[in-house]
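The values are calculated or read from the model by the stated rules, or taken from the named source; none is laboratory data. Computed from a predicted model, the values in this text were never measured in an experiment. Note that we place each Cβ from the backbone using ideal geometry, even for glycine, and neighbour counts take in every protein chain shown.
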Ligand SMILES: [Fe+2]
Ligand SMILES: [Fe+2]
């Protein structure tokens, strides 16, 4: 399968789309975040002229947060930050099948949190893109929140 076929197959999958209901950062759902991270991985690899395994890059990046719950809700599993990469890898293996590179990418994406170190080019790209996107998503949310606060303060009594 090509990276585009992989991308389309996963993005159109019903279970993957449940990520639309789970908040990730700010206004971004897990679904939005996963696509943003995947696109960023490809942009970075092009900018750096890296020869990457595109099929694995698409699959690992899209499924890196496939943990399938809302970590903002009270009943989510404890120690989400440390454990969700493992949950995502197990779920993705069960629902989509992963090769060893893809599984390692997902398990190591939270480095330096957790003990898994990214070892392939694809895993390093994913680890960096994930942090970049998470920061931008969080800041966008904060900016919006600040704007709302300012609006609120200026609103006539
Ligand atoms: Fe994650
Ligand atoms: Fe992520």
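Counting only helices (runs of 4 or more DSSP H) wholly contained in the stretch 41-112, the ones carrying 2 or more residues that are free of Cβ contacts under 8 Å to residues at least 60 places away in the same chain, surrounded by 13 or more Cβ atoms within 10 Å (Cβ to Cβ) and away from ligand 1 (no atom under 16 Å from the Cβ) occupy 54-62. Does residue 34 satisfy being part of a helix (DSSP H, G or I), closer than 17 Å to residue 127 by Cα, within 10 Å of the chain's Cα centre (by Cα) and within 13 Å of ligand 1 (Cβ to nearest atom)? Against the criterion (part of a helix (DSSP H, G or I), closer than 17 Å to residue 127 by Cα, within 10 Å of the chain's Cα centre (by Cα) and within 13 Å of ligand 1 (Cβ to nearest atom)), residue 34 qualifies. Which pairs do you get when a residue that is without any contact (Cβ under 8 Å) to a residue 60 or more places away in the chain and within 21 Å of residue 54 (Cβ to Cβ), found in the stretch 126-141, comes within reach of a residue that is more than 10 Å from ligand 2 (Cβ to nearest atom) and outside any helix (DSSP H, G or I), reach meaning Cβ atoms under 8 angstrom, with the pair 6+ apart or on two chains? Pairs that qualify, where the first residue is without any contact (Cβ under 8 Å) to a residue 60 or more places away in the chain and within 21 Å of residue 54 (Cβ to Cβ) and the partner is more than 10 Å from ligand 2 (Cβ to nearest atom) and outside any helix (DSSP H, G or I), are 127/108; 127/111; 127/118. Within the stretch 56-89, the set of residues being modelled with pLDDT of 95 or more and more than 16 Å from ligand 2 (Cβ to nearest atom) comprises 56 only. Could you go through the stretch 101-120 and let me know if any residue there is touching a strand residue (DSSP E or B) at 6+ places or on another chain (Cβ under 9 Å) and either modelled with pLDDT under 95 or within 13 Å of ligand 2 (Cβ to nearest atom) (or both). No.
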